[in-house]
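The values are calculated or read from the model by the stated rules, or taken from the named source; none is laboratory data. Predicted, not measured: the structure shown is a model, and the values here were computed from it. The area values use the complete protein model at the heavy-atom level, side chains included, leaving out ligands, DNA and RNA. Shrake-Rupley method; radii C 1.70, N 1.55, O 1.52, S 1.80 Å.
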Amino acid sequence: VSELIDNDREWATLELIHQKAIAALDPTTREFLEGGSGSEVTLKRNMSAFDSVGFATTTMSGRGFPGLSTSLLGIDLHLPILTAPFGADKLFHSEGQKAVTRAAQAVGVASIVPEASSFSLETLAEGAPKAAVIGQFHPLGTDENFLKMLHRYEDAGYQALCLTVDCPTPGWREHNLRNGYVITQDVVGGNYPPGGEVAMQEALGQLYAHKEPVWSWEKISGLMRTTKLPWIVKGILTARDARAAINAGASVIYVSNHGGRQLDGVQATIEALPAIVAEVAGEVPVILDSGIRRGSDVVKAIALGATAVVIGRLAAYGLASGGQQGVERVFKLLEREMQIVLQLLGAGSIRELTSDAVIELKGVA
Ligand SMILES: Cc1cc2nc3c(=O)[nH]c(=O)nc-3n(C[C@H](O)[C@H](O)[C@H](O)COP(=O)(O)O)c2cc1C
């Protein structure tokens with residue numbers, strides 16, 4: 001990140017970057033980015049639930065400067081943070097996911113690239129050849145289209161795959177209904193050239209609202225047996241589903257409620273995490289998104305058993321505020337805050353963190 005941004009007080013906090021992003025977007029796009037589904041109970045809870053997780057500090061711990069690096073599926077991560085797949089990326093900045101992937105490369109973290117990107121997965125991999133990239137897609141539509149995406153990710157050199165299982169149809173998003181928001185081919189069709197509209201709509205769950213859902217763990221398991229790439233399952237909120245995903249062959253459990261955009265009324269992910277970690281008990285890594293807004297949130301999720309966290313809106317705020325540099329700035333601020341939190345907590349490195357570092361805060365809110 002340039003000296004300019006580093007010394008500019010306008011970029012001093014993540015909330016300032018959020019405000020910059022909001023100011024840069026037109027009202028409809030702002031609502032699309034910020035909004036959730038239903039009454040937005042889950043959207044709000046994703047963030048407020050972090051307030052109930054407190055720290056149990058150890059003073060005079062004898063520990064030095066905290067280490068923040070980790071690894072996931074053999075991918076080295078400079079920070080325990082990945083970028084989440086968010087489609088329609090060109091709406092937030094002309095460079096969209098291209099800027100996000102390049103930022104991930106510069107910072108040394110991984111980016112989960114969305115199927116619904118404004119750019120093709122091949123363009124994105126070529127634009128950041130050293131970035132750790134994970135290809136996200138939806139188990140929807142025909143087997144043929146599903147396998148076509150899988151093979152394209154394999155051929156383009158993606159290190160892992162990510163299946164989003166919480167989106168058989170888009171959630172009930174009232175802001176879109178109110179403002180008449182329509183997803184257009186040019187912002188989400190990077191992987192589907194003109195003429196591929198049906199495949200794209202299938203992939204986004206838009207056609208399936210009117211048809212029988214036909215996907216199951218059994219079907220996913222059969223199709224995923226054909227790839228050597230490890231796969232992450234995104235959208236798990238219960239121990240039962242975590243077990244089903246492991247039985248189907250998933251290598252990572254990704255706890256997510258889609259940032260409160262799918263089924264409203266589900267738990268905040270930080271609330272759902274402990275039972276899933278207990279079920280999985282070290283068999284596979286667990287990662288988490290939804291509601292991460294600052295460095296201390298990352299530390300809390302890792303203390304409760306996540307290997308790394310994933311940032312959706314926070315990455316989008318960086319993108320909208322300043323393209324690649326804005327996203328890099330988000331990572332820099334998360335890094336600095338995490339270092340301070342860990343030092344104050346008396347923790348050596350994030351790899352050593354356990355649930356002993358957190359305590360439930362009750363009452364006052
Ligand atoms: C604008 C936007 C678009 C998204 N598009 C997708 C998508 O195409 N596929 C997907 O799996 N998740 C998608 N998500 C969900 C994110 O991957 C992630 O789960 C969510 O943003 C995490 O919550 P947070 O925004 O509070 O960090 C999207 C989220 C946003 C905000």
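The table below gives the values:
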quantity	calculated
Relative contact order [Cα under 8 Å, 6+ residues apart], the range 181-315, whole percent	17 percent
Beta bridge orientation in the chain: antiparallel %, DSSP, nearest 5	20 percent
Span from the the range 276-304 Cα centroid across to the the range 56-98 one, whole angstrom	12 Å
Estimated vicinal HN-Hα couplings, Hz - the range 105-119 in sequence order (Karplus 6.51, -1.76, 1.60; Gly, Pro = x)	4, 5, 7, x, 10, 9, 10, 8, 8, x, 4, 8, 5, 6, 10
Kirkwood Rh in Å, taken over all unlike Cα pairs in the range 138-193	13.7 Å
Cα pair distances in the range 248-300, grouped into 5 Å bins until the bin that holds the longest one, percent each	4, 19, 27, 25, 18, 7, 1
Whole-number Å³ per residue for the convex hull built on Cα positions in the range 191-275	136 Å³
Kirkwood-based shape ratio for the chain, expressed as Rg/Rh from alpha carbons	0.94
Enclosed volume per residue, in Å³, of the convex hull spanned by Cα atoms of the range 1-125	186 Å³
Principal-axis tilt of helix 313-345 within the chain, Cα atoms, nearest 10 degrees	30 degrees
Relative intensity, log₁₀ I(q)/I(0), of the range 77-177 from a Debye sum that treats every alpha carbon as a point, q = 0.12, 0.22, 0.24, 0.25 Å⁻¹	-0.40, -1.17, -1.31, -1.37
Residues of type lysines that residue 228 reaches as a straight line, Cα spacing below 22 Å, ignoring anything fewer than 8 places off in the same chain	130, 148, 219
For the range 301-341, accessible area per residue (1.4 Å probe, heavy atoms of protein chains only), Å²	21 Å²
In Å, descending, principal axis extents of the Cα set of the range 247-365	41, 37, 35
P(r) of the range 140-290 over all Cα-Cα pairs, binned every 10 Å from zero, in whole percent	10, 35, 38, 16, 1
Cα extents of the range 68-135 along the three principal axes, largest first (Å)	32, 20, 18
Euclidean distance between Cα centres, the range 172-197 to the range 122-159, Å	20 Å
